[in-house]
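I have placed the structure first, in the form of structure tokens, so that the comments after it can refer back to it.
The values are calculated or read from the model by the stated rules, or taken from the named source; none is laboratory data. Bear in mind that the values here come from a model prediction, so they are computed numbers and not experimental data. Methodologically, a virtual Cβ is constructed for each residue, glycine included, from the backbone with ideal geometry; neighbour enumeration extends over all protein chains shown.
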Amino acid sequence: MSSSGTPATPTASSRRRTLGRVLLLVLLLFAFFVGLDMMGLSFKLFGKGFAEAMIARTANPFVGLLVGILATSLVQSSSTTTSMTVGLVAAGALTIDGAIPIIMGANIGTSVTNTLVSLGHVTRREEFRRAFAGATLHDFFNLLTVAILFPLELTFHVLRNSAEFLERVLEGTGGIELFDPLKAVVRPVAKWLSGQLGSSGTLTLIAGVAFLFLALKFLVDLLKDLVSSRAERILDRTLFRSALAAIGAGVVITVMVQSSSITTSVMVPLVGAGVVTLEQLFPFTIGANLGTTMTALLAALATGSPAAVSVALSHLLFNAMGALIIYPLPPLRAVPLALARGLGALGSRNRPAAIAYIILVFFGLPILLLFLAGGFDAGPAPVAPVDAPPPAIEQPAPVPEPEPPPSGPVARREEIPAPARLTPSEGTPMQTTIDHSGVAGDSPGLARLVTSSATQGS
């Protein structure tokens, strides 16, 4: 009895633990979608003028690119930046053309995490050389992709046009409508939470960003805990088999953990130890870039906005085009490899240079260029919410019109007694009268003073 009961207990316990993690996973996904919807509601509460100001601020594509780099470097998560960008597009606060440079910048900023991880090897020179080269390989691949596709997008809109075409295909097959039930569940909760905050646009935005950021953070932690052992098995079976298998492993693991930063950062110690070469790491990094696009695509489908779906698809196309342009061509493939090796060697000889590289590329230069481009200029005055009543306009008090002058053929004389006074010559009293007769040549109704001498006995 004991032998049969002993193994049953841990099995039931592990099942309950797994079930609890799955329920927590569903709850975190729901909180992620609620935060995304609250962001959209907040911009509607801010009003149309606020959205127009946001669009005007990101009309310069270079500003959008720098914002994407800096924002992602600060939060160390491209999934957070791209999901927020998708939410802004769905709310009408960003255009597709304004969002695509931000997405490109997010791809550059996301590599700051594994570059920081490489600093853990800084005390061992040769190991740091390999680790820093492995970390910056991701940097240079993304920088080269932006250098190729950013001018093409500005000139020909290749990403926007391709993404809009794919969105129409997806919409025609009913792919977007599959998420309508999810939106029907999420929207009432988001509206209720916004109502609890007094329907304030500012508070709703803060709460939405907090929901989005925290849900994504705990989601990544939970998924990493759930699939870490499985991810190791995938790496063991596929990483060294072929480049295509390494790309597939990068995609699968990144989709599983919802973070390319984690996927690539895990590989940095292996490169530092000499277990994985840069040539083996390169296709795996490309796969991680492709896998991280799933977060924004999931968020866009949840919004049901065609424009938001187009932006998420442009993120996928950006990484796919970069891989197809750079990796198959040996001369282009050699560029990020050579730059990474050169910077790794420089960093191992001059370690402050490695730290200066991180500070300048991910923080210093974006801040400086944003300042020069006017990205930190004060924005327009706050816009009143769309539901707010218009301000009352005080009407001036009515001015009474003057009474019309008396008219008629009969002249009216009115005598007003005045104090008697003596003329200097005669010493007789004077009498003052007001004539309203309106004599020809006088203005109608204008009183005329008439003086007459009062004679004795009159």
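Quick check: is even one residue across the range 91-106 under 27 Å from residue 352 (Cα atoms) and assigned to a helix (DSSP H, G or I)? So far as the range 91-106 goes, yes, one or more of its residues are under 27 Å from residue 352 (Cα atoms) and assigned to a helix (DSSP H, G or I).
Being in a helix (DSSP H, G or I) and more than 13 Å from the chain's Cα centre (by Cα): is that true of residue 83 here? Quick ask: steps written out before the conclusion?
Numbers: in a helix (DSSP H, G or I): yes; more than 13 Å from the chain's Cα centre (by Cα): no.
No: the conditions fail for residue 83.
Taking the condition at pLDDT 90 or above, crowded, with 18+ Cβ neighbours inside 10 Å and in the same structural domain as residue 334 (by TED's automatic domain parsing), does residue 257 pass? It is false that residue 257 is at pLDDT 90 or above, crowded, with 18+ Cβ neighbours inside 10 Å and in the same structural domain as residue 334 (by TED's automatic domain parsing). Taken over the range 282-319, the criterion of being in a helix (DSSP H, G or I), within 15 Å of residue 262 (Cα to Cα) and of a type outside the set (A, V, I, L, M) is satisfied by 284, 285, 287, 289, 291, 293, 295.
The set of residues from the range 267-281 being assigned to a helix (DSSP H, G or I), farther than 15 Å from residue 248 by Cβ and not aliphatic (A, V, I, L, M) comprises 269, 272, 279.
Of note, residue 110 does not satisfy the criterion of being within 20 Å of residue 147 (Cα to Cα) and at pLDDT below 90. A search for C-beta distances below 6 Å between a residue of the range 107-130 that is in the same structural domain as residue 74 (by TED's automatic domain parsing) and closer than 15 Å to residue 357 by Cβ and any residue that is of a type in the set (Lys, Arg) and assigned to a helix (DSSP H, G or I), counting only pairs 6+ apart in sequence or on different chains, returns 122/351.
Any idea which of 127, 171, 153 is part of a helix (DSSP H, G or I), at pLDDT 95 or above and among the acidic types (Asp, Glu)? Quick ask: steps written out before the conclusion?
Numbers: 127 fails: at pLDDT 95 or above; 171 fails: at pLDDT 95 or above.
Every option except 153 fails the conditions.
Could we say that residue 278 is over 16 Å from residue 114 (Cβ atoms), out of contact with any strand residue (DSSP E or B) (no Cβ under 6 Å at 6 or more places or on another chain) and modelled with pLDDT of 90 or more here? No; evaluated as a whole, the condition is false for this residue. When residue 332 is tested against (1) in contact with a helix residue (DSSP H, G or I) (Cβ under 7 Å, 6 or more places away or on another chain); (2) among the hydrophobic types (A, V, I, L, M, F, W, C); (3) closer than 18 Å to residue 129 by Cα, exactly one condition is not met: (3).
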